[in-house]
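Since the structure comes first, as structure tokens, the remarks are kept for the end.
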Amino acid sequence: MSRSSAGATRRAQQLRALHVTLDACTRCPLMIGPVVHGPAVASPVLLVGQAPGPREGGFGRPFAWTAGRTLFRWLESATGADEARVRERIYFAAVARCFPGKAKGGGDRKPSPEEIANCRPYLAQETSILQPRLVIPVGTMAIAEVLGHSGRLVEIVGATRRTSYHGVDVDVIGLPHPSGASTWHRTEPGIGLLASALELIGAHPAVADALAR
Ligand code: SF4
């Protein structure tokens, strides 16, 4: 076994062990289980979503419903890889791993700062294990978590940022949330900025490495 494949095997084992802990997590009393995460993929690319919706728990995987269909369409246009291949080669994490429930005014409740803080150590451990070269935060909440940026999407989407994320130097290419409720990515300047972001993702060497494995 080569050193790199031995390293990938060790990282996948560490991720599986972390998933056992994650699956049993009950830190947030208002969150609705089950815990949702992707498989233990030792990837140089870490995708960070926001929180699962009501359907993802039943499917046992993130981005399993309508927003996911849009996200995988975007990623296929950027990389040429279909949904199954992207799920096999890119590690999927999220700001919160449980469904927050419905908000009073409709839509899904946003995780509270306390819930995000409760879930953050899992992201830190995943980042430490993976040592990713590229992080793709999806949606404003994930962008805020990764870059500490709470401003407008136009200031982030369409460019590559360099940051230290949980102690690992990474490139960050943010995407808008692919929710059908959002019009940002369907109107200018969102259309053009999304196209630029997808082009950057498709050209990033970490993506090429992830998909070549
Ligand atoms: S959201 Fe995260 S910290 Fe909270 S119960 Fe679910 S897995 Fe645990």
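Values in this text are rule-based calculations from the coordinates and carry no lab data. Owing to the predicted nature of the structure, the values given are computational and were not obtained by experimental measurement. Cβ: placed from backbone, ideal geometry, glycine included. Neighbour counts: every protein chain shown.
If you run the Gaussian network model on the chain, springs between alpha carbon atoms under 10 Å, then out of Ala103, Ala93, Ala40 the most flexible one is Ala103.
Quick check on the exposure proxy: order Val41, Val36 from fewest to most C-beta atoms within 10 angstrom. Write down the numbers at each step before the final one.
Details: Val41 21, Val36 27.
Placing the least packed residue first, the sequence is Val41, Val36.
Think of region 3-212 as a dipole: +1 on every Lys or Arg Cβ, -1 on every Asp or Glu Cβ, centred on the Cα centre; then among Ala159, Leu194, Ala103, Ala103 lies furthest on the positive end.
Between Arg89, Arg186, Arg152, the residue with the greatest mean-square fluctuation in the GNM of the chain (Cα pairs under 10 Å linked by springs) is Arg152.
DSSP finds beta bridges in the chain, and of those with both partners inside it, around 40 percent are antiparallel. Since only Val146, Pro176, Ser112 are under comparison, the one whose Cα sits farthest along the positive direction of the charge dipole of region 3-212, derived from C-beta charges on Lys, Arg, Asp and Glu, is Ser112. For the listed peptides 12-22, 73-83, a ranking on the average number of other beta carbons within 10 Å per residue, highest first, reads 73-83, 12-22. Among rounded, prolate and oblate, which fits region 13-89 when a ≥ b ≥ c are the square roots of the eigenvalues of its C-alpha gyration tensor, a/c under 1.5 means rounded, and a/b larger than b/c means prolate? Because a/c hits 1.5 or more and a/b fails to exceed b/c, region 13-89 counts as oblate. Dividing the mean sequence gap of close Cα pairs (under 8 Å, 6+ apart) by how many residues region 81-201 holds gives a relative contact order of 21 percent.
Each residue of region 59-69 was assigned a 3J(HN,Hα) from its phi angle through the Karplus curve 6.51 cos²θ - 1.76 cosθ + 1.60 (θ = phi - 60°); the sequence is 7, x, 7, x, 6, 9, 10, 4, 4, x, 4 Hz, with glycine and proline shown as x. Taking each DSSP H run with n ≥ 4 as -39500 (n - 2.57) and averaging over every residue of the chain yields -13500 deg cm²/dmol at 222 nm. Need one word for region 67-189: rounded, prolate or oblate. Basis is the Cα gyration tensor (sqrt eigenvalues a ≥ b ≥ c); a/c below 1.5 gives rounded, then a/b vs b/c decides. Since a/c stays below 1.5, the shape of region 67-189 is classed as rounded. Could you tell me the ratio Rg/Rh of region 3-212? Both radii from Cα atoms, Rh via Kirkwood. Radius of gyration relative to Kirkwood radius: 0.93. Sorting the segments 132-138, 54-60, 142-148, 64-70 by their mean number of nearby beta carbons within 10 angstrom, highest to lowest, gives 132-138, 142-148, 64-70, 54-60.
Basic side chains Lys and Arg get +1 at the Cβ, acidic Asp and Glu get -1 at the Cβ, and with that the dipole of region 3-212 about its Cα centre reaches some 360 debye.
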